[in-house]
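**Student:** First, the structure itself, so that you have it in front of you.
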Amino acid sequence: MIFRLPLLLLILAALLAPRAASAGQPAPAEPRYDPGATVEFDGIVTETREVPRSSPMRGLHLTVDTGRESLDVYLAPMEFMKGFDFSFAKGDRINVTGSKVKFNGGAVVLAKEVRRQGQTVYLRDASGSPYWPPGS
């Protein structure tokens, strides 16, 4: 019995170690706008979604079908987007200018400007700095 207890503790520690390691990992850092990776494209909105406050890149995201690929387009925090008399819906034809960067093993476009039917929403300045206040 004395020899079985250390063996049991060793097995238990081995099983719990991966969970403890992943629980302590920080959330992935939000991607940074890269002016050198600027893209402009037309597409159709296939999905709109709000990423919750507790997640990286929280706020309004659009999935846009360009005809060649489907892209995740991050616009801005919802608090900032609510300041515009402008909304997006599935089926909207839009033009996006932004920075296509890697995030979480995939790509995301950090939108600088989004145009629809003669209206433009300006989200970032020429260097890619967001117009919304830090931490919002």
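The values are calculated or read from the model by the stated rules, or taken from the named source; none is laboratory data. All figures in this text were calculated on a predicted structure; none of them were measured in a lab. A quick note on method: Cβ atoms are made from the backbone with ideal geometry, for glycine too, and the neighbour counts reach across all protein chains shown. Keep in mind that these areas ignore ligands, DNA and RNA; they rest on the heavy atoms of the full protein, side chains included. Shrake-Rupley method; radii C 1.70, N 1.55, O 1.52, S 1.80 Å.
**Student:** Please verify whether region 85-93 includes one or more residues that are in contact with a Phe, Trp or Tyr (Cβ under 9 Å, 6 or more places away or on another chain) and open to solvent by less than 50 Å² (accessible area, probe 1.4 Å).
**Tutor:** no
**Student:** When residue 102 is evaluated against the numbered criteria (1) in contact with a Pro (Cβ under 8 Å, 6 or more places away or on another chain); (2) among the charged types (D, E, K, R); (3) open to solvent by less than 70 Å² (accessible area, probe 1.4 Å), which criterion, by number, is the only one it fails?
**Tutor:** Answer for residue 102: the failing condition is (3).
**Student:** Ok, one more. Hey, could you check region 37-55 for residues that are out of contact with any helix residue (DSSP H, G or I) (no Cβ under 8 Å at 6 or more places or on another chain) and without any contact (Cβ under 8 Å) to a residue 40 or more places away in the chain and say which is nearest to residue 72 (Cα to Cα)?
**Tutor:** It comes out as 49.
**Student:** Among the residues of region 37-63, what is the count of those that are modelled with pLDDT of 95 or more, open to solvent by 30 Å² or more (accessible area, probe 1.4 Å) and of a type in the set (Ser, Thr, Tyr)?
**Tutor:** 3
**Student:** Does any residue of region 106-124 turn out to be surrounded by 13 or more Cβ atoms within 10 Å (Cβ to Cβ), within 18 Å of the chain's Cα centre (by Cα) and in a helix (DSSP H, G or I)?
**Tutor:** Scanning region 106-124, I find no residue that is surrounded by 13 or more Cβ atoms within 10 Å (Cβ to Cβ), within 18 Å of the chain's Cα centre (by Cα) and in a helix (DSSP H, G or I), so the answer is no.
**Student:** What do you reckon, is residue 74 of a type in the set (Ser, Thr, Tyr), closer than 18 Å to residue 33 by Cα, more than 14 Å from the chain's Cα centre (by Cα) and at pLDDT 95 or above?
**Tutor:** When the stated conditions are applied, residue 74 does not pass them.
**Student:** A further question follows. Could you check, for region 44-55, whether at least one of its residues is in a loop (DSSP other than H, G, I, E, B) and in contact with a strand residue (DSSP E or B) (Cβ under 6 Å, 6 or more places away or on another chain)?
**Tutor:** No, because not a single residue in region 44-55 is in a loop (DSSP other than H, G, I, E, B) and in contact with a strand residue (DSSP E or B) (Cβ under 6 Å, 6 or more places away or on another chain).
**Student:** Name, by its number, the condition in (1) under 14 Å from the mean Cα position of the chain (by Cα); (2) touching a residue at least 24 places away in the same chain (Cβ under 8 Å); (3) farther than 21 Å from residue 118 by Cα that does not hold for residue 34.
**Tutor:** (1)
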